[in-house]
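Notes follow the structure.
Coordinate-derived values only; no laboratory data. Since the structure is predicted, the reported quantities are computational estimates derived from the model, not experimental observations. All Cβ positions, even for glycine, are placed from backbone atoms using ideal geometry, and neighbour counts span all protein chains on display.
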Amino acid sequence: MSKKPVRIGVVGYGFMGRTHSNAYSQLEHFFETEHVPVKQVICGRSGDKVKEFAEKWGYADTETDWRELVKRDDVDAIDICTPNNSHYDIALAAIENGKMILCEKPLALNGEQGLKMVEAIEAAGLPNLVWYNYRFLPAVTLAKQIVDRGDLGRIYHYRANFLQDWTMSEDLPQGGAALWRLDAASAGSGVTGDLLAHNIDCARWINGDIVSVSAMTETFIKERVHQDTGEVHPVTIDDACAFLARFENGSTAIFESTRYARGHKALKTFEINGHDKSLSWDLHDLNRLAYFDHDVPGETRGWSSVHVSDGDHPYTGNWWVPGLCLGYEHSFVHGAVEFMKSLDDPSAKKAFPDFRNALGTQYVCDAVLESAKTGQWVDVKRA
Ligand code: SOE
């Protein structure tokens, strides 16, 4: 197969810069796609750090200003790995310069910004993806395939959690490097946009659109020192959020996320209850999908735990041998594979969230935050 290089310029060398760089490094070793990512330019504000990163991960060149990066002729796609409040500006400049975009989640600070991004990229006809990575884990993709086949029968319930405990210390500052997720000006919101957005993406992918929500949020620590000013500022992110939802297919849902669940580092779960079968999954045991089949005779009926690592499970045949485990990082490799596959065949159905699909998730987040403010049920806008 003759290969078509996609020269990528990545903005941001933090946590997400590493997960995406790893995905671009691994893809060709394990998957056959005509389009292949090339680690062309890494961009970040610190010249020293960006050089160090380029050497470590094998980028051909560096930039310290994304405004210069988006203009480069040797870059085909921009990968946005920076805090949420920069997605909009970088994306619009990249679109103006005719670049494809892979953007970290959430798409934007809110639906208003997100809609402008969708309109601009669709008008320009440029391929685009938003990195909601968890849907690409084999067990999550398998759940989607099982639901799509209609095996569960009528779906009644969807419930999902994303629980962490890393912001519980009162001494933790907000804002600045590493802690921008605690500053609403940079992040847009707290757990709603950061964690629940992942759950909403998986839920909408597997179980269809969410039509209305009723939410509550809480900010437990009301003031924190801001790293940029050294002064104490009010905390305006949601530390915890719980919401009820109705799906278009008539099923009901409950979602919960918090950064104050002592003992939980990243407990992301979902459970789906259908008339005939139920499914349940948990990020801490990400290779397993729990499956309950009511058609099994009562004597032996019970929850089974499928190790999603066989050759015919989603993605797994491309890796090691049956029974061996995959991890968090593979979700990003699979996301990159899906993007490359869609460049190979633009008419194929996309398995990844594009800007418009991610706008739908953004609208659910907006409705959740509005409902938490007003105390009312809120209808979700359609993307
Ligand atoms: C926050 O701690 C965080 O890193 C999120 O920003 C990621 O999106 C999530 O996947 C893991 O948790």
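Can you sort SER257, SER331, SER280 from fewest to most other Cβ atoms within 10 Å of each residue's own Cβ?
Fewest-to-most Cβ neighbours within 10 Å comes out as SER280, SER331, SER257.
Please report the spacing between the Cα centers of region 1-48 and region 199-261 in Å, no decimals.
About 31 Å separates the Cα centre of region 1-48 from the one of region 199-261.
Which one of ALA203, VAL235, THR167 is farthest out on the positive end of the charge dipole of region 145-283, using unit charges on Cβ (Lys, Arg +1; Asp, Glu -1) and the Cα centre as origin?
ALA203
How big is the equivalent ellipsoid of the chain along its three axes, where each semi-axis is √(5λ) from the Cα gyration tensor, reported in whole Å from largest to smallest?
Calculated on Cα positions only, the semi-axes equal 32, 28, 20 Å.
With equal scatterers on the alpha carbons only and no solvent term, can you work out the Debye log10 of I(q)/I(0) for region 23-64 at 0.29, 0.32 1/Å?
Log10 I(q)/I(0), no solvent term: -0.92, -1.04.
Using alpha carbon coordinates only, what is the Rg to Rh ratio of region 211-369, with Rh defined as the Kirkwood radius?
1.03
Once you keep just the Cα pairs under 8 angstrom separated by 6 or more residues, what percentage relative contact order results for region 4-133?
In percent, rounded to a whole number, it is 23.
Compare the peptides 195-204, 12-21, 147-156, 59-68 by average per-residue count of other Cβ atoms within 10 angstrom and give them in order, highest first.
In decreasing order of mean packing, 195-204, 12-21, 147-156, 59-68 become 195-204, 12-21, 59-68, 147-156.
How far apart, in nanometres, would the label points at LYS51 and TYR156 be if each is projected 7 angstrom from Cα along the Cα-to-Cβ direction?
6.4 nm
Give the cross-link partners of LYS277 among the lysines, using a straight C-alpha distance below 19 Å as the criterion and excluding same-chain residues fewer than 8 apart.
Within reach: LYS144.
Nearest 0.05, what FRET efficiency do ALA266 and ASN22 give at R0 = 25 Å with Cβ-Cβ as r?
Given R0 = 25 Å and the Cβ-Cβ separation, E is 0.90.
How large is the charge dipole for region 4-133, taken about the Cα centre, if only the Cβ atoms of Lys, Arg (+1) and Asp, Glu (-1) carry charge, to the nearest 20 debye?
Once rounded to the nearest 20, the dipole reads 260 debye.
Strictly over 29 Å apart at the Cα level, which of LYS4/LYS268; LYS56/LYS105; LYS49/LYS268 would you flag in this model?
Exceeds cut-off: LYS4/LYS268; LYS49/LYS268.
What is the mean projected area of the alpha carbon convex hull for region 4-133, to one decimal in square nanometres?
7.4 nm²
I need the peptides 49-56, 81-88 ranked by packing, meaning the mean over residues of other C-beta atoms within 10 angstrom, with the highest value on top.
Final packing ranking: 81-88, 49-56.
Taking a point 7 angstrom from the Cα of THR252 along the C-beta vector, which residues in region 174-211 have backbone N less than 20 Å away?
200, 203-204, 207-211
How high is the relative contact order of region 208-264? Use alpha-carbon pairs under 8 Å, at least six apart in sequence, and give a whole percent.
36 percent
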